[in-house]
Structures are given as structure tokens and as C-alpha cells.
Amino acid sequence: MAESSDPRTAAPQVAQLQAEPHWRTLDFISDLHLQPSEPQTAEAWRSYMARSTADAIFILGDLFEVWVGDDALDELGSFEAECAAVLREAAQQRPLFFMVGNRDFLAGDEFLRRSGMTGLSDPTVLRWAGTSILLSHGDALCLDDVDYQQFRAVSRSGAWQQQLLAQPLAVRRAIGRSARSESEQRKQSGAPYADADAQMSATWMQAAQAPWLIHGHTHQPADHALGRQQWRIVLSDWHIDADTRRAEVLRVTPEGWQRMPPELA
Ligand SMILES: [Mn+2]
């Protein structure tokens, strides 16, 4: 069948998550790109996690700028260990859900265990309040980024990951730094970024029977109306420093959704 070879029309495997009956307020965040060199972003996130009034928080990928392996948690005083402690504390107040992104896809079971979060596969459909919300990081939808899709296919294989994780932590940290500077160079070169493919998004939503799709990754926060009562909602990245203040929580209740600054969420 010719159609099935086109990824745009191939239905994905969609995992399901049934919401708890008492959940009324759901928060969605992604693309915080937490890193030691951006302390203001990390502090805004820490403060939000400690104070949020949501019934559940969904972190849809790229929480970290880079994740080089769960053994980073064992390094005394590491940034990763500090962040896991913030999560563990917040997870005692409400359930936290985590989906990996393209920067932190090596975050594994040990990270989830230590941070008290439940892992979500990408995509997952959330059945909640009589509706269905499809959740994704969003990178798999950006089909025009052909080089990245090739890297994604290779890097999500168990063999590739085992080979990388067999390297000493210091070597992996160096690999992470060089991948990061490559991506900075690309950003500065002004090369255009791919957006979520419209056909693929529609195929996914149909497969999940979900009128809503929430994703991050593109750093282009917007509410896209796709049809009657159908929405693709793109989360904001977080970037706070001396000149920039970009950070948003998407809060969903049975009445609708709003984008809030993290200090008010
Ligand atoms: Mn991403």
C-alpha cells in the first residue's frame, strides 16, 4: 500500500492516560532548557514547581538543555540532582508527568524514580473531563527537518543509547557541550526551523480521537484553530535573563485554557 509508506498518513502508536476524576486544573510546560548557566530560568521554574496550584503538572520535554545520563544524578551537588530534588518535593503535592524531548531523551527510569514523576511516551492521549488531549513534545511532527528526523530515528534505538551511555560521564558531558555549541551556531546562522507538519498533526489527532493537540519544541507559542472545536496549542519555551523574559504555563480547566506567567500559576 503506497499510503502507508508516507509518514504523514501513517497512524502512530498512541498511549493513553486516564485522568483522575478530581482533576480540574492541569498545567502544561515544556522547553525550559534548564542549565546551570541560566540561573534565572531555573529559579523561576523552581519557584513555580513549589507553589503551583494545579492538580497535575505535565512536562512535555526539553526540561533540560541536555541530559547525558541518569548517573549525572549521582554526582555530588550536580545541577541534575538539584533539579530532581525540586521535582521530588513538588511530586509530593500533586502528580507530575514527564515526556522526553530531543534534548533530554536520555532521561531514563532512574531519573523518573528519583524525581517522583510518571513517564509518558510520545504521543500520549489524555482522557479528561469528557474530552481528549493529545500530548507530544512535537519534534516528531517536524517532518521538514529531514536531518533531524534521521538523527532521531537512530538516537532512539537501544543500541545507540547503550553505546553512548557506556562512555564515561565526563566524556558524555563534553559531547553534550559540543552538540549544544553546534546548535547555537545553527541558531545564529538564521537557518529556518521546521514547524509541525499540518497533515501529520491531523493524522495523529484522528488516530487518538482527540480534538486538542498540545506540544512544544518549536518555541513558537500559539493557538492554532484547525477546524470546528479543534486546536493545536503550542507551548512557550522559557528563557529568562537580564534582557529577556519569556516563560509561560498553559493552564487548562473545564472552562478553557489560558497562558499564565509562572509566578501567577
Ligand atoms: Mn525540543
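Values in this text are rule-based calculations from the coordinates and carry no lab data. Small disclaimer: the values here were computed from a predicted structure and weren't measured. Backbone-built Cβ (ideal geometry, glycine too); neighbour counts: all protein chains shown.
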note = Expressed in nanometres to one decimal, the distance between label points 7 Å along Cα→Cβ at SER155 and ARG113 is 2.6 nm
request  = With a Förster radius of 25 Å, plug the Cβ-Cβ distance of ALA50 and ALA242 into 1/(1 + (r/R0)^6) and report the FRET value to the nearest 0.05.
outcome  = 0.55
request  = Between ARG94 and SER181, with labels modelled 7 Å along Cα→Cβ, what's the label distance in nm to one decimal, could you check?
outcome  = 4.1 nm
key: Helix-only CD estimate at 222 nm, as mean residue ellipticity for the chain, using -39500 (n - 2.57) per DSSP H run (n ≥ 4)   = -9500 deg cm²/dmol
ask   = Extension gain GLU82-LEU165, at 0.36 nm per residue separation less the Cα-Cα distance, in nm?
value = 27.8 nm
ask   = Listing SER115, SER136, SER78 from the residue with the fewest other Cβ atoms within 10 Å to the one with the most, what is the order?
value = SER78, SER115, SER136
key: Phi to ³J(HN,Hα) by Karplus 6.51 cos²θ - 1.76 cosθ + 1.60 over segment 226-237, Hz, x for Gly, Pro   = 9, x, 5, 6, 10, 9, 10, 10, 9, 6, 7, 6
